[in-house]
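I have placed the structure first, in the form of structure tokens, so that the comments after it can refer back to it.
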Amino acid sequence: MQVKARLAGWLKAGVFEAGKGFAPTEEGTPQGGIISPLLLNVALHGLEEAAGVRYQGGDATQVEKDSPALVRYADDFAACCRSRQQAEQVKARLAGWLAQRGLSLNEDKTRIVCLTQGFDFLGWNIRRYRNGKLLIKPSRAAVRRHRQRLAEKMRTMRGSNATAVIATLSPVIRGWTAYHRCMVSSEAFQSLAAYMWKLTWKWARHSHPNKGQRWVAARYFGKFHPYREDRWVFGDKGTGACLVKHSWTAIRRHVMVKGTASPDDPGLAGYWRYRRDKHGPPLDAHTLALLARQDRSCPLCGDRLLDTGHLPGSPEEWQDWWMSVTRQDIQPAPGGPGKPARDGERNARTATALVHASCNRARKARQRRGTAPLLQPAMS
């Protein structure tokens with residue numbers, strides 16, 4: 001009862017937004033509000049026990065032989081059962097458990113299907129194939145939505161230059177691949193890379209209708225990536241920047257969390273530190289190396305670039321993260337902050353680093369006033 005009263009108080013506490021002030025809330029949470037998943041985790045705590053899930057030895061690693069298995073993310077969950085009869089029993093049991101909390105199953109989204117047919121969950125398709133292998137791939141709906149978004153972005157970029165196209169689409173591509181790279185996604189990445197090439201070629205031809213194909217290819221396509229033998233990379237010859245390809249993202253398998261380990265448990269700080277150091281976030285090797293070298297902090301402001309304890313949980317969140325950071329070539333100021341200059345340091349070689357996009361904008365403003373640190377745009 002105390003939990004219900006506290007949740008009700010949170011729902012009616014109101015919302016404060018910078019620049020907009022305070023807005024009262026009678027019920028519910030704002031669309032996309034970060035408090036919504038937390039409230040659902042509190043309200044749905046105990047869902048596994050209600051479904052009849054039983055673990056071997058009391059450790060939430062392997063279920064008993066005749067027990068269902070349940071996976072939940074916020075208010076989305078999937079229960080894997082041994083038979084259709086058991087699935088119907090679990091559904092009825094959960095419906096009664098949710099009714100006690102004033103909740104109900106969404107019948108339009110709730111289905112009982114055989115694993116050989118497959119089902120979609122959190123943007124992935126989970127299916128057991130004829131050879132007996134269980135594969136988790138990006139769902140067709142997720143791939144279709146991503147294609148549509150890329151096409152819409154390209155349509156809005158008509159009339160813009162190549163630099164603007166790269167800056168707009170790279171975070172979208174990086175965000176989607178970062179989310180899906182832990183599953184069987186190579187085929188989807190290859191298909192999306194081919195689709196993205198068609199979009200960029202169409203954009204380039206539309207931008208120069210009076211030019212021939214050879215001229216367009218020489219203007220916008222080439223070996224822009226210094227470490228790849230790919231001469232059909234879309235890029236900007238002026239800056240050397242290029243559009244990242246889906247297929248460049250390597251697959252890195254997700255490692256299951258041990259038992260019921262929670263990042264909020266102070267007693268498991270060592271386990272989560274070891275897990276972060278060994279497995280790391282789903283980013284490319286170059287970005288991971290930059291983060292490690294910078295201690296995951298922005299060299300301009302000193303604040304964290306990425307909290308590996310609470311990684312983004314969706315393609316959109318990964319896209320927002322990529323839009324909040326940018327790669328720059330940094331040449332340290334002579335002597336560094338508060339240090340005397342050393343011989344030859346003024347001519348030190350620049351090094352690529354990750355910085356906050358907001359810090360980069362502030363740096364450019366200071367540069368116009370002649371007070372900026374020594375920074376140059378990266379050739380990436």
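Laid out as a table, the results:
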| read-out | value |
| --- | --- |
| Amide H contacts under 5 Å for residue 325, placed H, 5+ residues apart | 357 |
| Long pairs among 133/198; 12/109; 91/258; 65/109; 223/245; 4/91, criterion Cα-Cα beyond 22 Å | 133/198; 12/109; 91/258; 65/109; 4/91 |
| Added length on full extension, which subtracts the Cα-Cα distance from 0.36 nm per residue, residue 5 to residue 134 | 42.1 nm |
| Phi-based couplings in Hz for segment 114-120 (Karplus 6.51, -1.76, 1.60; Gly and Pro marked x) | 7, 5, 6, 7, x, 8, 9 |
| Solvent-accessible surface ranking, highest first, for 364, 245, 91 at 1.4 angstrom | 364, 91, 245 |
| Cα-centre dipole for the chain with unit charges at Cβ (Lys and Arg positive, Asp and Glu negative), debye to 20 | 1740 |
| CD proxy at 222 nm, helix term only [per DSSP H run n ≥ 4: -39500 (n - 2.57); per residue of the chain; nearest 500] | -12000 deg cm²/dmol |
| Hz values of 3J(HN,Hα) by residue in segment 203-217 - Karplus curve (6.51, -1.76, 1.60), Gly and Pro given as x | 5, 5, 5, 5, 6, 9, x, 9, 9, x, 5, 4, 5, 5, 5 |
| Sum of side-chain charges, residue 158 neighbourhood, beta-carbon under 13 Å (Lys, Arg +1; Asp, Glu -1) | +3 |
| For segment 62-78, 3J(HN,Hα) per residue [Karplus equation, 6.51 cos²θ - 1.76 cosθ + 1.60, θ = phi - 60°, Hz, x = Gly/Pro] | 10, 7, 5, 4, 9, 9, x, 10, 10, 10, 10, 9, 6, 9, 9, 8, 10 |
| Computed accessible area, residue 215, all protein chains, 1.4 angstrom probe, square angstrom | 90 |
| Heavy-atom accessible area per residue - the chain, 1.4 Å, Å² | 63 |
| Backbone N under 15 Å from the residue 210 label point (7 Å along Cα→Cβ), restricted to segment 152-181 | none |
| Reported label for calculated P(r) over Cα pairs in 20 Å bins from 0, in percent given (i) 27, 47, 22, 5; (ii) 21, 50, 26, 3; (iii) 29, 60, 11 | (ii) |
| Spacing of the two label points (7 Å from each Cα toward its C-beta) at residue 158 and residue 83, in nm | 6.0 |
| Other-chain or far-sequence residues with amide H under 5 Å of residue 25's (modelled H) | 14, 15 |
| Protein accessible area in the chain, 1.4 Å probe - carbon and sulfur % | 52 |
| 5 angstrom amide H check on residue 125, placed H, neighbours 5+ away | 137, 139 |
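The values are calculated or read from the model by the stated rules, or taken from the named source; none is laboratory data. All figures in this text were calculated on a predicted structure; none of them were measured in a lab. Cβ sites come from the backbone with ideal geometry, for glycine too, and all protein chains shown count toward neighbours. The accessibility values were calculated without ligands, DNA or RNA, using every heavy atom of the protein model including side chains. Shrake-Rupley method; radii C 1.70, N 1.55, O 1.52, S 1.80 Å.
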